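Q: Encoded as structure tokens, here's the structure I'll be asking about.
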Amino acid sequence: MADDGPPPPAGAGSGGNEDWFARAKRVIPGGVDSPVRSFASVGGTPFTVARGEGPYVFDVEGHRYIDLVQSYGAVLLGHAHPVVTEAVAAAARLGTTFGMPTPGEVLLAEDICARVPGCERVRLVSSGTEASMSALRLARGVTGRDKVVKFDGCYHGHSDALLAGGGSGVATLGLPGSAGVTAASVADTLVVPYNAVPGLDESVACVIVEPVAANMSLVEPDPGFLEGLRAECDRVGALLVFDEVITGFRLGTGGATARLGVTPDLWCFGKVIGGGLPVGAFGGRAALTDALAPTGPVYQAGTLSGNPLATAAGHAVLGAVTEADYRALAERASRFAAALGAAISTGGLGVRASAVGPLVGLLVGPPGQPPAAPRDLEDVRAGAGTGAYSALFHALVARGVALAPGAYEVLFPGLAHEDRHLDEVVAAAGEAASEVAAAWR
């Protein structure tokens, strides 16, 4: 195990990772509060995190890991960054929730609308799932239509209508969707392959898409794909919805719209806009969002929506990150992806490492079998289903590097990851790949 850190903070209790997971399984289904945290697809026992600091997390045994999960993209500045912790502490001293309007929700909404071209109004919610679920309801309410088109492998949260063809944990666990989701719930959800523009008709309320797919490893949109979706939606009067829960304020200040030049009708946001606290948002043109209650007939509500701690954290993060920061992070991620791929390949495994802005995708195959560049979920499955990722994952954990415990997730280097941290990951990956390749033979 790599460098050990200080002991766990007071209140973490005693016991090692095995002990904590055993306790968790007695009171939490599967021992985890989100399936993507389990080690079900890679095997073994999850380590339990006691604290984080910059690019690192420390488990309850004091082991330190360079963290490339970063709460699946929610943490941009690094763990326990003073800009965030001080903003949250100041907000908490004034009260943690009111169920009434607060200045913080206005400030965060202004931040989002000022940065995203074409997004005139947003409503804050408590998660990305709520954001996408509410955006679909709004699209149906505005158009008077029922059907929704989504893309196989894109994950838009765990609402019933959108679990069909979901990526992320759904794909990692090999599930087609979820038990408990009725046929009626998904009857109006049409699932089509990513990077293929579907033909629509006047029954379709909206098309929802990750503009850069980041829940089935990392899949870039083909040239013309998003433009084709925009044109096809316009042709039949459907709305185009960008799910930017991952890409929003991580690809850059203006998200996918600013980077790729395609403007949707509605957006979904999360992750970065909460600064590590639970928050989401959906929004779009004023003419559409005015259909929401109390000004319109589409009902949506939430007692904790616009929570003052979450809005304070989000406002602090968005105010702290500059365009220069985004450029530097994207350049660092590009160098890291290239070096990571070279190290794993030299170590003897097949590999494909890629970057889109600061997002890094990693597909690992057996020796002599580098995965092909993926265009859709079927391509990703071919590259992720060999078992090589699981072996590499554990070899990296043993060397103090934390990746997501599933081959369908991306890596999230952030502003706390300096070149020296990423160089350490690359060196560890080369050693880990050599170990895995030798055992494979």
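The values are calculated or read from the model by the stated rules, or taken from the named source; none is laboratory data. On a predicted model such as this, the values are computed, not experimentally measured, just so you know. Because the Cβ atoms are built from the backbone with ideal geometry, glycine has one as well, and the counts that use them run over all protein chains shown. Side chains are part of the model used for accessible areas, which takes the heavy atoms of the whole protein and leaves out ligands, DNA and RNA. Shrake-Rupley method; radii C 1.70, N 1.55, O 1.52, S 1.80 Å.
Q: So, of the residues in segment 10-49 that are of a type in the set (A, V, I, L, M, F, W, C) and assigned to a loop (DSSP other than H, G, I, E, B), which turns out to be most open to solvent (accessible area, probe 1.4 Å)?
A: Among them, the one singled out is ALA10.
Q: Of all residues being part of a loop (DSSP other than H, G, I, E, B) and not acidic (Asp, Glu) in segment 50-73, which is farthest from HIS421 (Cα to Cα)? Just the residue, please.
A: Here the answer is VAL60.
Q: State yes or no: is LEU318 open to solvent by less than 20 Å² (accessible area, probe 1.4 Å) and either outside any helix (DSSP H, G or I) or closer than 16 Å to ALA432 by Cβ (or both)?
A: It is false that LEU318 is open to solvent by less than 20 Å² (accessible area, probe 1.4 Å) and either outside any helix (DSSP H, G or I) or closer than 16 Å to ALA432 by Cβ (or both).
Q: Separate question: Here are SER305, SER345, SER334: which of them is within 23 Å of ASP243 (Cα to Cα) and open to solvent by 10 Å² or more (accessible area, probe 1.4 Å)?
A: Just a single option satisfies the conditions, and that option is SER305.
Q: So GLY261 ticks every box in (1) under 26 Å from PRO223 (Cα atoms); (2) in contact with a Leu (Cβ under 8 Å, 6 or more places away or on another chain) but one. Which box is left unticked?
A: Failed condition: (2).
Q: If you don't mind, there's one more thing I want to ask. Checking the conditions here, which among GLU435, GLU378, GLU424 is within 24 Å of ALA74 (Cα to Cα), charged (D, E, K, R) and touching a residue at least 24 places away in the same chain (Cβ under 8 Å)?
A: GLU424
Q: Hey, among LEU124, LEU76, LEU136, which residue is surrounded by 23 or more Cβ atoms within 10 Å (Cβ to Cβ), assigned to a strand (DSSP E or B), under 20 Å from the mean Cα position of the chain (by Cα) and on the phi < 0 side of the Ramachandran plot?
A: Residue meeting the stated conditions: LEU124.
Q: Here's a follow-up. Here are the criteria: (1) buried (at least 24 other Cβ atoms within 10 Å of the Cβ); (2) within 18 Å of GLY341 (Cα to Cα). Tell me which single one LEU377 does not satisfy.
A: The number of the failed condition is (2).
Q: Just one of (1) at pLDDT below 95; (2) among the small types (Gly, Ala, Ser); (3) crowded, with 24+ Cβ neighbours inside 10 Å trips up ALA161, so point out which.
A: (3)
This table checks each residue for (1) more than 30 Å from VAL88 (Cα to Cα); (2) β-branched (Val, Ile, Thr); (3) at pLDDT below 95.
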site	(1), (2), (3)
ASP222	yes, no, no
GLY228	yes, no, no
ARG235	yes, no, no
LEU240	yes, no, no
GLU244	no, no, no
PRO264	yes, no, no
GLY270	no, no, no
ILE273	no, yes, no
LEU277	no, no, no
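Q: Restricting attention to segment 89-121, report how many residues are open to solvent by 70 Å² or more (accessible area, probe 1.4 Å) and either more than 16 Å from ALA316 (Cα to Cα) or touching a Pro at 6+ places or on another chain (Cβ under 9 Å) (or both).
A: The qualifying residues number 9.
Q: Does segment 260-279 contain any residue that is out of contact with any helix residue (DSSP H, G or I) (no Cβ under 9 Å at 6 or more places or on another chain) and of a type outside the set (Asp, Glu)?
A: Checked segment 260-279: no residue is out of contact with any helix residue (DSSP H, G or I) (no Cβ under 9 Å at 6 or more places or on another chain) and of a type outside the set (Asp, Glu).
Q: Just the residues that are open to solvent by less than 20 Å² (accessible area, probe 1.4 Å), closer than 15 Å to LEU359 by Cβ, in a loop (DSSP other than H, G, I, E, B) and acidic (Asp, Glu), please, taken from segment 211-269.
A: GLU244
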